[in-house]
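The values are calculated or read from the model by the stated rules, or taken from the named source; none is laboratory data. None of these values were measured; they are calculated from a predicted model. Ideal geometry is used to build each Cβ from the backbone, glycine not excepted, and the neighbour counts take in all protein chains shown. Ligands, DNA and RNA are stripped out before the accessible areas are found, and what is left, the full protein with its side chains, is counted by its heavy atoms. Shrake-Rupley method; radii C 1.70, N 1.55, O 1.52, S 1.80 Å.
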Amino acid sequence: RTAILRADLHLCMTERDREGLARLIPEPERLIDLPPFLLGVEAVPQHSIAPRHGNEPIRLIAVAMMRQGNKAACYLFLARTLARIADLPWTLTLIGDGPERPAVEAAFAEFPPGRVRFLGKQARSDILTELTNHDLFIWPGLNEAYGVVYLEAQAAGLAVAALDSGGVPAVVDRNRTALLAPHGDEAALAATIARLIGDAELRACMGSAAQVFARQERNGDGARKILASALDATIARHGRKTLEIAP
């Protein structure tokens, strides 16, 4: 609290950051929105998947560590969600590893062999390549801080299906690049994924918009401009050349 009150400038990466800080900071000019951004976006390959034909399964993908807490809860949530639409044509690739992997594998064990693929821990370059070989990024994001992987998936040209939870809305453009179901609603997320599975035109439209959003609107250049403007305004407001950085 002492550090927050002393600081000249607060950079808010999500709306809930701003809401929390606004309870302590009465001057709105000390709160600046700096939405999550993606550095090195040029390293993300472009989406390369060919159009689906007939009943060829839609390739879903999720990327996350398999650790205790929200990550494990999300994996279990996702398994229950997909069980609701097991009759639809989809396959799922899971990238990630950790101490909760046995529990995660057990949660997906009810699906037929080969329908869910576990790739374990992968290098970032390999993850980015895998993203471009899929059709839809799905990750519930229960109480997610925000999740840079959502930006990476969108930069690769994937539409997103997730929950309206935590900081997820800060890394997607609702209804333009992503469809968000209500927090904690398995049935609604299942319906959202089903809609995107069944509508190739919507997936393609949102995937194209996702590339523009992540590559052009959420890149490092945009973040630098926001930061430079915020620092210049704060320095001018205080009439000094440097800012105090609270510990």
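How about the stretch 142-245: which helices (runs of 4 or more DSSP H) wholly inside it have at least 3 residues that are more than 15 Å from the chain's Cα centre (by Cα)?
Details: elements: 148-155, 186-198, 200-212, 220-238.
Those helices (runs of 4 or more DSSP H) span 186-198, 200-212, 220-238.
Here is a yes/no grid of residues against (1) open to solvent by 50 Å² or more (accessible area, probe 1.4 Å); (2) in contact (Cβ under 8 Å) with a residue 40 or more places away in the chain; (3) assigned to a helix (DSSP H, G or I):
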{"residue": "Q68", "(1), (2), (3)": "yes, no, no"}
{"residue": "L76", "(1), (2), (3)": "yes, no, yes"}
{"residue": "A106", "(1), (2), (3)": "yes, no, yes"}
{"residue": "F111", "(1), (2), (3)": "no, no, no"}
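F137 passes all but one of (1) surrounded by fewer than 20 Cβ atoms within 10 Å (Cβ to Cβ); (2) modelled with pLDDT of 95 or more; which number fails?
The number of the failed condition is (1).
If only one of E152, E130, E144 is closer than 20 Å to C74 by Cα, in contact with a strand residue (DSSP E or B) (Cβ under 7 Å, 6 or more places away or on another chain), open to solvent by less than 50 Å² (accessible area, probe 1.4 Å) and of a type in the set (D, E), which one is it? Before you say what the answer is, go through the steps one by one.
Numbers: E130 fails: closer than 20 Å to C74 by Cα; E144 fails: in contact with a strand residue (DSSP E or B) (Cβ under 7 Å, 6 or more places away or on another chain).
The match here is E152.
I'm checking my understanding of the structure. Among residues of the stretch 192-207 that are touching a helix residue (DSSP H, G or I) at 6+ places or on another chain (Cβ under 8 Å) and charged (D, E, K, R), which one is nearest to L151 (Cα to Cα)?
If we take residues in the stretch 192-207 being touching a helix residue (DSSP H, G or I) at 6+ places or on another chain (Cβ under 8 Å) and charged (D, E, K, R), then R203 is nearest to L151 (Cα to Cα).
Any idea which of V168, V172 is in contact (Cβ under 8 Å) with a residue 12 or more places away in the chain and either open to solvent by 40 Å² or more (accessible area, probe 1.4 Å) or within 22 Å of A43 (Cα to Cα) (or both)?
V172
Please verify whether G198 is of a type in the set (G, A, S), open to solvent by 30 Å² or more (accessible area, probe 1.4 Å) and on the phi > 0 side of the Ramachandran plot, treating the condition exactly as stated. Show your work before the answer.
Numbers: of a type in the set (G, A, S): yes; open to solvent by 30 Å² or more (accessible area, probe 1.4 Å): yes; on the phi > 0 side of the Ramachandran plot: no.
In short, no.
If you check I85 against the conditions, is it in contact with a helix residue (DSSP H, G or I) (Cβ under 9 Å, 6 or more places away or on another chain), farther than 20 Å from G147 by Cα, part of a loop (DSSP other than H, G, I, E, B) and modelled with pLDDT of 95 or more?
yes
Okay, residues lined up against (1) touching a residue at least 60 places away in the same chain (Cβ under 8 Å); (2) in contact with a His (Cβ under 7 Å, 6 or more places away or on another chain); (3) open to solvent by less than 20 Å² (accessible area, probe 1.4 Å):
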position	(1), (2), (3)
M13	yes, no, no
R18	no, no, no
L38	yes, no, yes
A43	yes, no, no
H47	yes, no, no
E56	no, no, no
R59	yes, yes, no
A62	yes, no, yes
K71	no, no, no
